[in-house]
Amino acid sequence: MKEVLLISGFMKRTSVLLSLWFFIWFPLEAFCSTGNTSSSSNPKVINIGALFTLNSVIGGATKPALLVAIDDVNSNPNILNGIELKLILRDTNCSGFIGTMEALQLMESDIVVAIGPQSSGIAHVISHVVNELHVPLLSFGATDPTLASLQFPYFLCTTHSDYFQMYAIADVLDYYGWREVIAIFVDDDYGRNGISVLGDALAKKRAKISYKASFSPEDPESKINDLLVEVNLMESRVFVVHVNPDTGLNIFSVAKRLNMMSGGYVWIATDWLPSYLDSREAVDPSTMNLLQGVVALRRYTPDTNLKKRFISRWKNLKDKGSMGPGGFNSYALYAYDSVWLAAHALEVFLSEGGNLSFSNDPKLRDTNGTALHLSSLRVFNGGQQLLQTLLRMNFSGLSGQIQFNQQRDLIHPAFDVLNIGGTGTHRIGYWSNYSHLSVVPPESLYTKPPNISSGSQHLYGVKWPGETSKVPRGWVFPNNGQPLRIAVPNRVGYKEFVSKDNSPQGVKGYCIDVFEAAINLLPYAVPHTYMLFGDGKRNPNYDEIVSQVAQNKYDAVVGDITIVTNRTKIVDFTQPYMESGLVVVAPVKKAKSSSWAFLKPFTKEMWFVTAAFFLFVGAVVWILEHRLNHEFRGPPRQQLITIFWFSFSTMFFSHRENTVSTLGRLVLIIWLFVVLIINSSYTASLTSILTVQQLTSGIQGIDSLISSSEPIGIQEGSFTLNYLVDELNIARSRIVKLKDPEAYLRALNLGPKAGGVAAIVDELPYIELFLTSTNCLYRTVGQEFTKSGLGFAFQRDSPLAVDLSTAILQLSESGDLQKFHNKWLTHTECSIQINQEEENKLSLNSFWGLFLICGIACVLALTLFCYRVFTQYRRFSPEDDEAEVEEIEPSRLSRRSILSTSFNNIMDFVDRKETEIKEILKRKNIKESKQTSHNSNGQASSPT
């Protein structure tokens, strides 16, 4: 696949090439008139053409494969019905110009299918020609992804495009966690377009090509040496090499001399390298020594019996070209299958009535006085039909299943992932477009559901350059003498975090100690220098510092940088080394004692429900005790007083009435337990209210601050300004910037009416230091209303951010972070928040379970009581008191009177004492017994 650099003007002006070719090749002769058509309804020979560089790694393998494929087709009586396929070969001779001329001459031979070329550059130009002449172009070697566009409808790639190969490389890079690579590629269509797809694939995985190093195939080793020296000074140590197999080894030869094949380097080659190695029966040991540790991809072909038989025939082929017996590689399989694809398609084409005819193109005509013979190029009339037939083909070839999808790509693209070590190559896995990386052959996965999750990706172990099995980090600090440029905020206030220093380091503070300790935990040296940002007269704008890191003016920023959303969009942060969040600080004063302080322990709802339950339980106990206990009987007024007295006296366990019923005692026991809990809670809460110092503030939190119109103080340079204005919609005119704790104190002392502020909004770490400096004169109000943290910022995709995050976690686990905190940020423990009166009140939420239990007990007791009374009433009859009550004729009673009488009877029954009811029922039972006995005696004395 030796590529040649083609200038863009040459490719875009095919007509100029046509003219030039006709000047060279064609003698003056008579032309057929426009529209003349030649056809053969039953041809004996069908011409197909082949175009590639014969003396190349790919050409040496494909020529004998094409010849044996033609022999196999012509000797097979089951295809083409005895029609002979004739192969016309043309050598591009490693030249884009000559290749184009050879292609045009090939088209003069009335070919119906062209096979090749191997060069993507030549394929671009020839595709314009076959589009005009309607001749399908089957390419086994031109793998440029852009050739698959709608611009070239007659181009069919009979191998897998580099589009899939680049996505396979992206998956390999993602598997090992590398985020930046350097691409080394040949500067032509094949190289540029392939690397462009690699960049797109990496972007989807949040990785990138940090540098594109291109060179011409004709460049001497000195230029390659300069190129590798340049990339060796860069940060990335992962190189993707996408070049031609004929000249690609020069890259590794120079890299070996520059000691770039040693430990820490990663080299990934596309399929050009396995193609080169496979084409040689015995690779020279010195060549293998250059490639130790390289990872490469090779187009995957299943190990079928058909493929094995063809390989066994390879050594016996008579005409194998200049490469000798070792010229076989995977491109031979694709070239062989291309011939059979054309044969199968032609057989279907002819069986469907296709006509192998050619006609002159009216666009290609000669003008008076010209020596061009444009009419010699003729259009294949059945080209469109044959193209559609090719796209429908489906058969098993040497390289696998030959079938095109809707995007005109071969189905099931797959690659071997190889590791070069020792004296040969070792397969460490496979990549397929179906399930990506795996250690099992792709065809065994096609029957299962696709799984491309990160946990399903697997490869075997690799021996990397330097004979190591440890996965290289993939990057180092640039070897250009430049240390890491670290911006440090030149703060005015809160210098405990970071400040200028006269030491050689130039800075000091809590943030600096944390960063230096984390750097020391890394397994590699990190040369760095601190650069102060700000004039020292006012706090710098932290958003501006972060922005300059994103603009590559600094490599990182170390300081009290809060991790917020808009910053994470342009830089990468480490793991937070300190928690943070916005709080409100306001002046406070002692709360005045209230005459109604005894009501504060409970909320209004709690007081209401408690009082209601006192009355409810008193009424329930009265109902249960009324028939049995004389203390719960008497005139209505006395009974009502009894209910109220009994209810509220249970609060102090001083009720004088005794309960005699079982149900009443059960209800009372449960209620007394509830009262005990309520009393204890009330006593504890009231004690706290009366003894603990109560502080109040006019500002209750961020919500009350938003609703007011008073000025608000913030720290200068902080993100708080944007947050309050953009997120909370607070007017910018209310914001007052303060630079240090002294300014905080002055603004709060003055207050909003004297030019100060009503409150200050700042992050919790600063507020803790401020409260300590004021001896807790001020307090925070409300809750912390944002959650964030402080971290170190690096440029996007910097691997240092990941490694330092791990180091910060180690510092946290070892306790070193707390030691640094105690050293720099010690503060007096203030009661941070003021006492919130409403929060201290006991609400119904704390007691609803007790009330529920008590309520259920009362309802059950009343239910049992009613059932018992109803049972007794059914046995009770008002006739027992007929002597005491005047009989009233039922016929004169109205319906309302009957109901009224029944209700009065029931209420009278319920109001009677239990002993009285039992006595009446006892007499009734005796009377019924006597009556029954009398009736029995009367029946016995009567005559029979």
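The values are calculated or read from the model by the stated rules, or taken from the named source; none is laboratory data. Every value quoted in this text rests on a predicted model; they were computed, and no experiment measured them. Quick reminder, even Gly has a Cβ in these numbers, built from the backbone with ideal geometry, and neighbours come from all protein chains shown. These area figures cover heavy atoms from the full protein model, side chains too; ligands, DNA and RNA do not enter into them. Shrake-Rupley method; radii C 1.70, N 1.55, O 1.52, S 1.80 Å.
Taking segment 508-523 and a reference point 7 angstrom along Cα→Cβ of Q810, the backbone N atoms nearer than 12 Å belong to 517-523.
The local environment of Y460, defined by Cβ-Cβ distances under 14 Å, has a net charge of +1 under the rule Lys, Arg +1 and Asp, Glu -1. Accessible area per residue was computed with a 1.4 Å probe on protein heavy atoms; H821 scores about 40 Å². Around the amide H of L356, modelled in the peptide plane, lie the amide H atoms of S40, all under 5 Å away and 5 or more residues distant in sequence or on another chain.
In this label model, N822 and S681 are separated by 4.1 nm, measuring between points 7 Å along each Cα→Cβ vector.
At 1.4 Å probe size, with the rest of the protein present, what percent of the exposed accessible area of segment 201-279 is carbon and sulfur atoms? Display every interim value, and only then the final one.
Details: 1280 of 2800 Å².
The computed percentage sits at 46.
Excluding ligands, DNA and RNA, what is the solvent-accessible area per residue of segment 426-486 at a probe of 1.4 Å, expressed in Å²? With the other protein chains kept in place, segment 426-486 gives 56 Å² per residue. The protection proxy used here, the mean number of other Cβ atoms lying within 10 Å of each residue, ranks peptides 186-192, 501-507, 617-623 as follows, highest first: 186-192, 617-623, 501-507. Look at the alpha carbon pairs under 8 Å that are at least 6 residues apart: their mean separation over the length of segment 184-326 gives a relative contact order of 21 percent.
Principal axis extents of the C-alpha atoms in segment 119-249 (largest first, rounded to whole Å): 51, 35, 19. Close amide H pairs (under 5 Å, H built 1.01 Å from N) link F140 with G116, T158, residues at least 5 positions away or on another chain.
Taking amide H atoms as placed 1.01 Å from N in the peptide plane, the amide H of D797 lies under 5 Å from those of D572, each 5 or more residues away in sequence or on another chain. Ligands, DNA and RNA excluded, the heavy atoms of T568 present near 50 Å² of accessible surface to a 1.4 Å solvent probe.
Residue-wise HN-Hα couplings along segment 518-524, as the Karplus relation 6.51 cos²θ - 1.76 cosθ + 1.60 with θ = phi - 60° gives them from phi, are 5, 4, 5, 7, 6, x, 8 Hz; Gly and Pro carry x. Shape analysis of segment 44-178 places it in the prolate category; the axes a ≥ b ≥ c from the Cα gyration tensor give an a/c of at least 1.5, with a/b above b/c. Rolling a 1.4 Å probe across the protein heavy atoms gives segment 103-194 an accessible surface of 20 Å² per residue.
Using C-alpha pairs under 8 Å with a sequence gap of at least 6, the mean separation divided by the residue count of segment 711-783 gives a relative contact order of 34 percent. A full extension of the chain between T863 and E221 corresponds to an added length of 220.7 nm, given 0.36 nm per residue minus the alpha carbon distance.
Listed peptides 734-744, 210-220 appear in the order 734-744, 210-220 once ranked by packing, highest mean of other Cβ atoms within 10 Å at the front. Accessible surface calculations at 1.4 Å, restricted to protein heavy atoms, place segment 522-603 at 49 Å² per residue.
Taking a quarter of the surface of the convex hull around the Cα atoms of segment 488-578, what do you get in nm²? Quarter of the Cα hull surface area: 6.3 nm².
Spin-label pair R923-N78: with each label point 7 Å from Cα along the Cα-Cβ axis, the two points sit 11.9 nm from one another. Surface calculation, 1.4 Å probe, protein heavy atoms: I79 sits at approximately 10 Å² accessible. Subtracting the Cα-Cα distance of N55 and A754 from their residue separation scaled by 0.36 nm leaves 242.4 nm. Among 806-817, 233-244, sorting by the average number of other beta carbon atoms lying within 10 angstrom of each residue, highest first, gives 233-244, 806-817. Here the Karplus curve 6.51 cos²θ - 1.76 cosθ + 1.60, taken at θ = phi - 60°, turns the phi angles of segment 251-259 into couplings of 4, 6, 5, 5, 4, 5, 5, 8, 6 Hz, with x standing for Gly and Pro.
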